[in-house]
Amino acid sequence: MIDVVQNTLDGLAIGSAYGLLALGFTLIFGVMRRLNMAFGSSILVGIFAGAWLHGQWAAGMIPIFAATLAGAVLAAAYVERLSFAWIRGDAALASMASSFALWMQLEDGIARAFPQRSYAFPSFDILPLLELGPLLLRPEFIAMFLTAAVLVVALHLMLTRTVFGLQVRTLSESREAARVSGVNVGRVAFLTFCIAAAIGGVAGFLIAATDGQISTKLGLWITMKGLIAMVISGLGSLRGALIGGLVLGLVEAQAQWYLGASGREITVFALLFVALILLPQGLAGRADAAARNEALRRL
Amino acid sequence: MLEIRDIKTSYGKIAALKGVSLDIRDGGLTCLLGPNGAGKTTLIWTIAGILKAQSGSIKMGGDELAGLKAHQIVEKGVVTVPENRLVFPEMTVTDNLIAGAFSRRKEKGGVSEDLEAVLERFPRLRERATQEAGTLSGGEQQMLAVGRALMARPKILLMDEPSTGLAPIIVEEIFEIIGQLRDEGRTIFLVEQNANLALDYADHFYLLEQGQVTFGGDPGEVDHDELIARAYLGARKAS
Amino acid sequence: MDGFTISVLTNIALFSFLAISAWILLIAGEISFGQQAYFAIGAYAAGIATAVWQWPFVAGIAFGTGFGAAVGALVAWPTIRLSGLHFAIATLAFAELVRASLNVFSYQRDIDGYATGPDGANGFRDIRWVYEAGIEPGAYLVIVAGCLAAVIALVALMARGRGMARLRIVGEDPILAAMQGLSVARTKIAAAGLAGGVAGMGGALYAHLATYIEPAQFSVMTGVHALAYGLIGGLGTVLGPILGVLIDIGLLESLRVFSGYRMIVFGGLVALVLILRPRGLLDERNVHRISAWLRR
Ligand SMILES: Nc1ncnc2c1ncn2[C@@H]1O[C@H](COP(=O)(O)OP(=O)(O)OP(=O)(O)O)[C@@H](O)[C@H]1O
Ligand SMILES: [Mg+2]
């Protein structure tokens, strides 16, 4: 019983990092209606920038955090220009393929610049472990959970209370309608991309600091987790993205504990596959999307 | 020919058709008028089997069509000329026309004869036979869509607002074609907002408002102006 | 031909199966991140057939192909009705499920005193039919190229018999395709079966060349590459995905100038090509132009 609770806590913690990744994916997908395959690799650029600073000057947490964000945002800006802004409006597939190509490019570039298998990343181990009776709570897990909660609320406020947020929402409804009502579509899309990358950078920083080391493999890992969490949430809402991440984290933690690593993989992917078939509109999907699916399912 | 009874269709929670009943008579032009958002396209998509009705029946002869899949309905001879999505833009005009004959399982032969007949009917399409359909003008695309529907040898043609977005001269042209098709004895169900023209050609009409049929009759029997006011304004108070 | 050229050409041909497989689904309007699963299924099925059950080579390849096709169609049956991105993730989930399952899948028999057959994460050794038959790499290249030519011929035949047009219209606009009397689901399931078969055949041929296969070889990266090849090479013709493979493996990997920088160059190149030609180099328009020019 204690195990279940402990797994739940661990799952919620890593799940909130997944949720942040899904949030980044959802923002970009919501505004562009296209998949950014290079999302994970821009975050990779960020954390390697952080690790570099750490290795060179043993800098403190705050400069490393700043470097991680800056790296992620810069890489994302590069991807946005090449794979989204400069590709024709009706070519969603091309954007996807192009961002995949840039993923390969960024990842390989990093692998050349950082040839070792893994690099150290500063961890929070200065902080003590929290003990709640028989339960153990790692401080970085609490940090993850709180950060995710704060960021979702902040993002929600930005989208609902600010002019920029309104513009983002019009853009996600219809690009054309946004353009004719005077929204600077290119600029809003670009900024949304950067915000998404910054959120991803925060998630990447927390994940890297929890592990204490990083490798280029993280790029694929981040992309998979974020994508899966976004899809089980139903592609719709920010809250949904967070829920998707938490659910994924929970399932993984329990499966890991009871079934081991290969059992966890099989369980997660089998559940994902079945969930997609049974709940095609996701856990928090929208009704109109459901209706559209319903119509198309009949064909 | 087609008896539609108490059809209800909704999008999620939004009820778009709230019990529609009407008859599409054999060998004539039945016209459906109604303001924007009345549910006209929804009705066509429901008959065509793209959308599923919650309840109600659509009978053709003795056969029930409601519940069949879209391709089965086409095989029964009920063929749609949709609104706004007329052609496969990356394919040539000829390939678009041939796509119309994909449904013909039993009578596979005669496709090239039918193609010839359609090109005969629409000389403008013949001139552009190898052009990509997406590069045609709006009126030409509409003709292509009608031609493609004819390739399926339809028993009933469902046409959704063939005049949208076209210049008046082209609209006249399209309606002449519709008139010809009617005179050849084909059964046509025409959805239109251009009530004036539609009533000139229709044998019978219905008025759809907010998902319900509110009125129907022969064009000769009613005051066109009043009907048109209702069709455009969608206001019940006009009656 | 020297050994290096032969091995590069064989690689190109084998990867082409996977790229064509992903391309077929792209034409039908679906993105699949998971065609590597059918490559793996074909490889394992054919390997088991010839190494464990001691079937002849041709039967083994046919088994791998058929198994790939059957699983492809079977998996498509519940998933094909999902909307675009959901389908893509479902293919990804299925492929990873296959890989994770192969990691624990053991099926071994004693053949000539050796335990033969897949052994979970340790892989599947000694798929030795081709090696034991004394088939040289050059001869094997001819076999692989022959199979690839058969696949290309099949697609060309489908283009003539309007099968390809059905796939294309279902991919372009499913609602309008249904209004032409096509069963969208059935057409797409057929496409998925065909795609699974093509990938399965490639996998079967690969297993017999490599003699050793392991689950890690069939990762998501492999599948995403296969998908990208079609998008770069072009959606207009079946030669598009092959062109994509040629550019990547043929040009960049084998030219020593780029050694070590292949992915960096390839990535930039692809991004530039797609800005100029969003549907790839051999897109519908270019194919149109080229065939008109050839007809003159
Ligand atoms: N995909 C959808 N999801 C939700 N509601 C929809 C959808 N499509 C249509 N509706 C609603 O259903 C109602 C009927 O729409 P429909 O398109 O059938 O009208 P229409 O009579 O064809 O209008 P128009 O003359 O503008 O073509 C409208 O209120 C519309 O808002
Ligand atoms: Mg309409």
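If contacts are Cα pairs under 8 angstrom and at least 6 residues apart, what is the relative contact order of the range A:81-206 in percent?
Once normalised by length, the contact order is 13 percent.
Just tell me how shielded B:66-72 is by partners: mean number of partner chain Cβ atoms within 10 Å of each residue's Cβ, no decimals.
Working: counts 0, 1, 1, 7, 13, 12, 2.
Per-residue shielding by partner chains comes out at 5.
Using θ = phi - 60° and the Karplus relation 6.51 cos²θ - 1.76 cosθ + 1.60, list the HN-Hα couplings for the range A:155-162 in order, rounded to whole Hz, with x at every Gly or Pro.
5, 4, 4, 4, 6, 9, 10, 10
If you take every DSSP beta bridge fully contained in chain B, what fraction is antiparallel? Give it as a percent rounded to 5.
55 percent
Cut-off under 18 Å on the C-alpha distance; same-chain residues fewer than 8 positions from residue B:59 excluded. Which aspartates and glutamates are left, in chain and number order?
Result set, ordered by chain and number: B:3, B:6, B:23, B:26, B:75.
Within the set of other residues whose C-beta is less than 15 Å from the C-beta of residue A:185, count the net charge using Lys and Arg as +1 and Asp and Glu as -1.
Working: positive: A:33, A:34, A:81, A:88, A:169, A:175, A:179, A:187; negative: A:80, A:90, A:173, A:176.
Here the count lands on +4.
Let me confirm one metric for peptide C:230-239, namely the mean number of other chain beta-carbon atoms within 10 Å of its residues' beta-carbons.
Details: counts 2, 8, 5, 0, 0, 2, 1, 0, 0, 0.
The shielding value for this peptide is 2.
Over 31 Å between C-alpha atoms is what I'm after, so list which of A:225/B:52; B:18/B:69; B:18/C:188 land there.
Working: A:225/B:52 36 Å; B:18/B:69 22 Å; B:18/C:188 34 Å.
The answer is A:225/B:52; B:18/C:188.
Taking Cα pairs under 8 Å and at least six residues apart, what relative contact order does chain A come out at, in percent? Can you show the working numbers first?
Details: 463 pairs, mean separation 102.4, N = 299.
With pairs under 8 Å counted, the relative contact order is 34 percent.
Using the Karplus curve 6.51 cos²θ - 1.76 cosθ + 1.60 with θ = phi - 60°, what ³J(HN,Hα) values do you get for each residue of the range B:114-123, in whole Hz, with x for Gly and Pro?
5, 4, 4, 4, 5, 5, 5, 5, 10, x
Suppose every K and R has +1 on its Cβ and every D and E has -1 on its Cβ; what is the size of the dipole of chain A about the Cα centre, in Debye to the nearest 20?
940 debye
Within the range A:61-141, list the trypsin sites (Lys or Arg not before Pro) lying in a DSSP loop whose Cβ has at most 16 other Cβ atoms in a 10 Å radius.
A:88, A:117
Residue by residue through the range C:84-101, what is 3J(HN,Hα) from phi via Karplus (6.51 cos²θ - 1.76 cosθ + 1.60, θ = phi - 60°)? Round to whole Hz and write x for glycine and proline.
Those phi angles translate into x, 5, 5, 4, 4, 5, 5, 5, 5, 4, 5, 5, 5, 5, 4, 5, 5, 5 Hz.
Just A:207, A:232, A:266 to compare: in a GNM of chain A, with alpha carbon springs under 10 Å, which one fluctuates most?
A:266
What is the dipole size for the protein assembly as shown, taken about its Cα centre, with +1 at each Lys and Arg Cβ and -1 at each Asp and Glu Cβ, in debye to the nearest 20?
The dipole of the protein assembly as shown has a size of about 460 debye.
Starting with the highest mean, order A:219-227, C:108-116 by the number of other Cβ atoms within 10 Å, averaged over the residues of each peptide.
Going from most to least packed, we get A:219-227, C:108-116.
For a quick check of your reading of the filter: which GluC sites (Glu not before Pro) in the range B:147-239 sit in a DSSP loop and have no more than 12 other Cβ atoms within 10 Å?
B:184
Given a Förster radius of 41 Å and the C-beta distance between residue B:117 and residue A:274 as r, what FRET efficiency does 1/(1 + (r/R0)^6) yield to the nearest 0.05?
Working: r = 51 Å, r/R0 = 1.25.
Once the sixth-power term is evaluated, E becomes 0.20.
Just check the range B:63-213 against the gyration tensor rule for me: Cα atoms, a ≥ b ≥ c as the square roots of the eigenvalues, rounded for a/c under 1.5, and otherwise prolate or oblate depending on whether a/b exceeds b/c.
It comes out oblate by the Cα gyration axes.
Counting DSSP beta bridges in the protein assembly as shown, what percent are antiparallel, to the nearest 5?
65 percent
Loop-only trypsin sites (Lys or Arg not before Pro) in the range B:1-81, please: DSSP not H, G, I, E or B, and at most 11 other Cβ atoms within 10 Å.
When the trypsin sites (Lys or Arg not before Pro) of the range B:1-81 are filtered for loop state and at most 11 Cβ neighbours within 10 Å, B:13 remain.
Where a number appears in this text, it was derived from the coordinates with a stated rule and is not lab data. If you're wondering where the values come from, they're calculated on a predicted model, not measured in any experiment. In this analysis, Cβ positions are derived from the backbone assuming ideal geometry, glycine residues included, and neighbour counts consider all displayed protein chains.
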